[in-house]
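> Quick one: the structure is below, and I'll ask about it shortly.
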Amino acid sequence: MAPIGQIVNPTSGNDALARARQRASLVPDCLVEAKRIANTVIAGWHGRRKRGIGENFWQFRPYTDGESLSRIDWRRSARDDHTYIRDREWEAAHTIWLWADMSPSMMYKSSFGSVSKESRALVIMLALAEILARSGERVGCPGVMEPVSARNAAERLAAALMHAPLAGGLPDTAMIRGWSDLVLIGDFLDEAQAVMARIGPLARRGLRGHVIEIADPAEEVFPYSGRTEFTDPETGSKLTSGRAENLREAYTGAYLSRRAGLGEALRHLGWTFISHRTDHLASEALVAVHMYLSGMPAKANHGGQL
């Protein structure tokens, strides 16, 4: 997305072939890291606490005429004079669409961040795909991969990303039908009103959304001083400041105000908002969005802002 006063690397991103090769070389390492995080942080998916077809026990309830005798729990029934049915949790497959912004602004990495914003976004997306796939959920990526229900969904998504065309801005969601969740991961540096103009129609279509903002620490604290040249990765335009420290107060005020406005607008729509910095563990954002998708917002605690 086009940045607002963002500090960026001098790379303009105009060479599409070089950009595609860079992303293709980044994805395999991100997949390895994503699987490591998924293995160490989350052991499985939380059921949605409804009676239905599944493997996890939910409750015992009295048997009623007409129900299948095969569902009777004879051991439990033997304890008293009643006959009990053993209910399982509802675990019907659900479609969750994942998307990560791959625009040039996501390539930024300062000396304060451990990885680039693009790398962190890919790791979170692929780790989430791994977790969802283990639970039998259908995972898709708008414009990149149709929803699949397979244990290797993360690998398939990684392969699709390596060959996907370069595109900026929010994805085309016309293909999304029915009751689905949509997870959007990016830096969202446009004005909050511009972002909401794209997201608002999605919420009105009934999509449940979760937005993860990826930020480099330098974008929050503006650590620059003296003569500094800033370059916009989207347009290539440059701004030179003789005393960059004089811009700090105005810049940080605008940056944090944009974030607060976006978060408030998303929550007003019923969507969730997570702010995550690249100097924090990727698992923090992953656990938070996992809890939101599991219907447990009270447990969505992490090192960013909710």
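> Roughly how big is region 115-248's charge dipole about its Cα centre, with Cβ charges of +1 (Lys, Arg) and -1 (Asp, Glu), in debye to the nearest 20? Don't skip to the end; give the middle numbers.
Numbers: 15 positive and 18 negative charges, 81 e Å.
With Lys and Arg at +1 and Asp and Glu at -1, about 400 debye.
> Of the listed peptides 266-273, 75-82, 199-206, what is their order by residue-averaged count of other C-beta atoms within 10 Å, with the highest listed first?
Working: 266-273: 17.1, 75-82: 10.1, 199-206: 14.4.
Output ranking for 266-273, 75-82, 199-206: 266-273, 199-206, 75-82.
> Moving on to the next point. Check VAL148: other-chain or 5+ apart residues with amide H under 5 Å from its amide H, H built from backbone geometry?
So VAL148 has HN proximity to VAL139, GLY140.
> Let me ask something else. If I take R0 = 25 Å and measure r between the Cβ atoms of ASP29 and ASP172 in this structure, what FRET efficiency does the formula 1/(1 + (r/R0)^6) give, to the nearest 0.05? If you can, show how the numbers build up before the last one.
Values: r = 28 Å, r/R0 = 1.11.
Efficiency at R0 = 25 Å is approximately 0.35.
> Suppose the chain between ASP65 and GLU155 were pulled fully straight at 0.36 nm per residue; how much longer would it get relative to their current alpha carbon spacing?
Details: separation 90, 0.36 × 90 = 32.40 nm, distance 4.73 nm.
Stretched out fully, the ASP65 to GLU155 stretch lengthens by 27.7 nm.
> Ok, one more. What distance in nm separates the two pseudo spin-label positions at PHE112 and ASN246, each 7 Å out from Cα along the beta-carbon direction?
Label at PHE112, label at ASN246, 2.2 nm between them.
> Now, a different point. VAL221 versus ARG76, label points 7 Å from Cα toward the beta carbon: distance in nm?
Roughly 5.5 nm, to one decimal.
> Pop out the ³J(HN,Hα) list for region 194-205 in order, Karplus 6.51 cos²θ - 1.76 cosθ + 1.60 with θ = phi - 60°, rounded to Hz; leave Gly and Pro as x.
Here the 3J(HN,Hα) series is 5, 5, 5, 5, 8, 7, x, x, 5, 5, 5, 7 Hz.
> Mind checking which aspartates and glutamates have their C-alpha under 14 Å from LYS117, skipping anything on the same chain fewer than 8 residues away?
The reachable aspartates and glutamates, counting only those whose Cα sits under 14 Å from LYS117, are ASP101, ASP187, GLU213, ASP216, GLU219, GLU220, ASP279.
Only the coordinates and a few stated rules stand behind these numbers; no lab work does. As the structure is a prediction and not an experimental result, all values here were calculated from the model. Please note: Cβ atoms are built from the backbone with ideal geometry, for glycine as well, and neighbour counts cover all protein chains shown.
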